[in-house]
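Student: First, the structure itself, so that you have it in front of you.
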Amino acid sequence: MELKKYKLGEILDVTRGASLSGEYYATEGDYIRLTCGNFDYQNNCFKENTSKDNLYYIGEFRSEFLMKKGDIITPLTEQAIGLLGSTAIIPESGKYIQSQDIAKIVCKEDLLDKDFAFYLISSTIVKQQLSAAAQQTKIRHTSPDKIKDCIVWIPKLTEQKCIGKLLRTLDSKIELNRAINQNLEAMAKQFYDYWFVQFDFPNEEGKPYKSSGGKMVWNEKLKRNIPVGWHCGNLFEIAVFTNGLACQKFRPKDDEESLPVIKIREMHDGISDDTEEVTSNIPESVKVYNGDVLFSWSASLEVMLWAYGLGGLNQHIFKVTSANDFPKSFYYFQLLDYIDVFKKVAEARKTTMGHITQDHLQQSTIAIPDNKDIAVRFEELISPIFEQVVKLHEEISYLIKQRDELLPLLMNGQVSVNYDLAETGFILFCISIATKICFQLIKSIIVNSVLIIAFYINP
């Protein structure tokens, strides 16, 4: 593959956003101001910013700063290490305002393919140049001129289009998997709410318990009616919470196998090249496998199904397992349902960092059926969904690994994408087939869910 040397400014334009006055920040409105919080820099994609509640802007601004669907943006401020050089694509027209910390990338179409540009800006060669040129303050900054000064080597336009199409197809499959998982998890949570919040689990006749006149009794601790044969217990009654290790004390020796350390960052982003290591000779109780339930109890209070491979659990995270033979789906959703209570507790006692203790777990109050058969029946319904969620997460990790390994090879010309590449066509074909399968899967699950829910509502 023949590569030609350019400065980025020769093949694209970079524009800074508007200076937006803080007096017009609002909690609601028609327009949302873009911030560095809109970059999922680990996955190089756009995300909605949930860290602030005053993201709307109700002041006047020039129309050129109102973003269109498909616009490419990159941050000018590094509010987290690794943020500079990340890219995102605006998902919707007429909603987001480009602020002064955000740059818009506009390609010169006769020289640079838009999809290729998205991956070029976020490539290692550009990120390294931006990092070296960034102003060294507490928070590092770059500028449109510094971005345009970066040196790159790129192939001709036809080859750019092939590379961009391949990488975009991989990312589309990753996004599809994430969307399917969100739907699957929402569906499973809806079933939990029907069974264990509204108490419309199937009775002996297969009808929804409470809606069919099942006997309820007032519980003073819970301050609500619960089914007869249920009691008020705590999370310790249904689950065991095992804290992780101070993994820095268990570094692998030269002759020992290692495991990646699972910290809160890994819960969010999975395993990366920067992930620390711990010896594999740690207790089995703090080894984490795909499908295990994790609960971060410090700073970030979150519950998740782990799906990034075998690892060693760091402190500040509980591995949650069964107590008294209660199944995974039951204690997972009970804990997930209780998170809002824990967040209020943590916020009330926060000094530098809010956290949850074993005492808070002991003091929790939840409705528990005396007969575990109900929880077991729920597990039979939900476990296939959990298995599919984990499988799709595994596929996401695999696709990301393949994309990230392929990206630098494509960008520096070590791998050529020309369609003597039967293999590339095969990859695209496989992705297409996988996508169709995923759509069929989600369609089937949705149909079955609707039928079950409809039965509950209209027995």
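The values are calculated or read from the model by the stated rules, or taken from the named source; none is laboratory data. Keep in mind that what you see is a predicted model, and the values were worked out from it rather than measured. With ideal geometry, Cβ positions are generated from the backbone for all residues, glycine too; neighbour counts draw on all protein chains shown.
Student: Just to be sure before I move on: is residue 400 within 16 Å of the chain's Cα centre (by Cα) and not polar (S, T, N, Q) in the structure I sent?
Tutor: yes
Student: For residue 234, state whether it is of a type in the set (S, T, N, Q), outside the structural domain of residue 178 (by TED's automatic domain parsing) and touching a residue at least 60 places away in the same chain (Cβ under 8 Å).
Tutor: yes
Student: Mind listing just one residue for me: the one in segment 173-210 that is touching a residue at least 12 places away in the same chain (Cβ under 8 Å) and under 26 Å from residue 113 (Cβ atoms) and, of those, farthest from the chain's Cα centre (by Cα)?
Tutor: Among them, the one singled out is 173.
Student: Report the residue count in segment 275-307 for those that are among the charged types (D, E, K, R) and within 18 Å of the chain's Cα centre (by Cα).
Tutor: Total meeting the criteria: 2.
Student: If the requirement is being in contact (Cβ under 8 Å) with a residue 12 or more places away in the chain and either over 20 Å from residue 345 (Cβ atoms) or in a helix (DSSP H, G or I) (or both), which of these qualifies: 249, 319?
Tutor: Answer to the check: 319.
Student: I would also like to ask the following. Within segment 119-163, how many residues turn out to be of a type outside the set (S, T, N, Q) and outside any helix (DSSP H, G or I)?
Tutor: 13
Student: A further question follows. If you go through segment 290-298 one residue at a time, do you hit one that is in contact with a His (Cβ under 7 Å, 6 or more places away or on another chain), at pLDDT below 95, among the aromatic types (Phe, Trp, Tyr) and within 25 Å of residue 328 (Cβ to Cβ)?
Tutor: yes
Student: Go through (1) surrounded by 17 or more Cβ atoms within 10 Å (Cβ to Cβ); (2) more than 17 Å from residue 296 (Cβ to Cβ); (3) at pLDDT below 85 for residue 328 and report which single condition fails.
Tutor: (3)
Student: Another question, then. In segment 252-268, what residues are touching a residue at least 12 places away in the same chain (Cβ under 8 Å), surrounded by fewer than 19 Cβ atoms within 10 Å (Cβ to Cβ) and not aliphatic (A, V, I, L, M)?
Tutor: Answer for segment 252-268, where residues must be touching a residue at least 12 places away in the same chain (Cβ under 8 Å), surrounded by fewer than 19 Cβ atoms within 10 Å (Cβ to Cβ) and not aliphatic (A, V, I, L, M): 252, 253, 256, 257, 258, 268.
Student: So, one more: Go through 146, 173, 161 for me and flag whichever is closer than 21 Å to residue 13 by Cα, surrounded by 15 or more Cβ atoms within 10 Å (Cβ to Cβ), outside the structural domain of residue 35 (by TED's automatic domain parsing) and out of contact with any strand residue (DSSP E or B) (no Cβ under 8 Å at 6 or more places or on another chain).
Tutor: Only one candidate passes the filter, namely 161.
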